[in-house]
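The values are calculated or read from the model by the stated rules, or taken from the named source; none is laboratory data. Remember, predicted model here, so these are calculated numbers, not experimental data. Here Cβ is always computed from backbone atoms with ideal geometry, including for glycine, and neighbour counts include all displayed protein chains. Keep in mind that these areas ignore ligands, DNA and RNA; they rest on the heavy atoms of the full protein, side chains included. Shrake-Rupley method; radii C 1.70, N 1.55, O 1.52, S 1.80 Å.
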Amino acid sequence: MEIKLFQINSADGTLGYVNHTYNPKNIYHKVGNFFIGVAPIIVISAILYLMAYLLLPEFLVELSAGIQVVDFVADFGGALLSILSSVPIFFLYAVTWQWWVFLIVGIFLALHMTLSKPDIKGALNGLIFVLLAFLIVDVVLGLVDGVLLQGFTSGVLSVASYLLCILVLSLIISVMALLISYCFRLPKKN
């Protein structure tokens, strides 16, 4: 296995890669391909969350309060509105140096939170088995005890909602970087 987290001046634009061998008939290997494929999103989201935890803890408290009230299953639209309502709260912290550090480092990270075609292909191959594993766990927990199933589902939705919030935040940071780069290009065109 060969891992390259970052390389400069790549001829094909690849910023990093994982070369590995796997058995296409092995379900465990296919699930591993899913996690290898989505690793840029998961790892960068975790780094952004850690940075927010260290630099903007009050924002995370407000974000958490909004997420905990939401019931994704009963009111998906309300859940999305709750997450999107955290966006203006994020900009309230623009008066602090911590927000600016988070924004600048977040721009570098969010702009590289992309999946290559091989990442997507590997992730899609493993996605079916990951979903199948969740289905099996849900059925077993449902048969054993409905409270266990509810707790498991609640935990999965909680993690997913935090990930969604970080991804929305990454999208906002990326759009801001795009607008900033566009503003710098305007004078060059004239």
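What do you reckon, is PHE102 surrounded by 15 or more Cβ atoms within 10 Å (Cβ to Cβ), among the hydrophobic types (A, V, I, L, M, F, W, C) and modelled with pLDDT under 85?
In short, no.
Tell me which residues, restricted to region 42-76, are under 17 Å from LEU167 (Cβ atoms), at pLDDT 70 or above and open to solvent by 40 Å² or more (accessible area, probe 1.4 Å).
Residues of region 42-76 that are under 17 Å from LEU167 (Cβ atoms), as a first pass: 42-53, 56, 59-60, 63-64, 66-67, 70, 72, 76.
Within this subset, residues satisfying the condition of being at pLDDT 70 or above are 42-53, 56, 59-60, 63.
Across region 42-76, the qualifying residues are ILE42, VAL43, ALA46, ILE47, TYR49, LEU50, TYR53.
Could you list all residues from region 77-90 that are surrounded by 12 or more Cβ atoms within 10 Å (Cβ to Cβ) and at pLDDT 80 or above?
Correct list: ILE89, PHE90.
Within region 173-182, is even one residue more than 16 Å from VAL87 (Cβ to Cβ), open to solvent by 80 Å² or more (accessible area, probe 1.4 Å), at pLDDT below 85 and of a type in the set (Ser, Thr, Tyr)?
Within region 173-182 (the criterion being more than 16 Å from VAL87 (Cβ to Cβ), open to solvent by 80 Å² or more (accessible area, probe 1.4 Å), at pLDDT below 85 and of a type in the set (Ser, Thr, Tyr)), the answer is yes, since at least one residue qualifies.
The conditions are (1) within 14 Å of the chain's Cα centre (by Cα); (2) in a helix (DSSP H, G or I); (3) not basic (Lys, Arg), and VAL140 fails exactly one of them. Which is it?
Only one criterion in (1) within 14 Å of the chain's Cα centre (by Cα); (2) in a helix (DSSP H, G or I); (3) not basic (Lys, Arg) is unmet by VAL140, namely (1).
Of the residues that sit in region 19-41 and are more than 11 Å from GLY126 (Cα to Cα), within 23 Å of the chain's Cα centre (by Cα) and not aliphatic (A, V, I, L, M), which one is most open to solvent (accessible area, probe 1.4 Å)?
ASN19
Condition (residue is of a type outside the set (Lys, Arg), closer than 25 Å to PHE91 by Cα, open to solvent by less than 100 Å² (accessible area, probe 1.4 Å) and not in a loop (DSSP other than H, G, I, E, B)) applied to region 108-124: is it met by at least one residue?
Taking region 108-124 as the starting set, the residues that turn out to be of a type outside the set (Lys, Arg) are 108-116, 118-120, 122-124.
Checking the rest, the ones that are also closer than 25 Å to PHE91 by Cα come to 108-114.
The next check asks that each one be open to solvent by less than 100 Å² (accessible area, probe 1.4 Å); those that pass are 109-114.
Remaining after also requiring not in a loop (DSSP other than H, G, I, E, B): 109-110.
Yes, some residue in region 108-124 is of a type outside the set (Lys, Arg), closer than 25 Å to PHE91 by Cα, open to solvent by less than 100 Å² (accessible area, probe 1.4 Å) and not in a loop (DSSP other than H, G, I, E, B).
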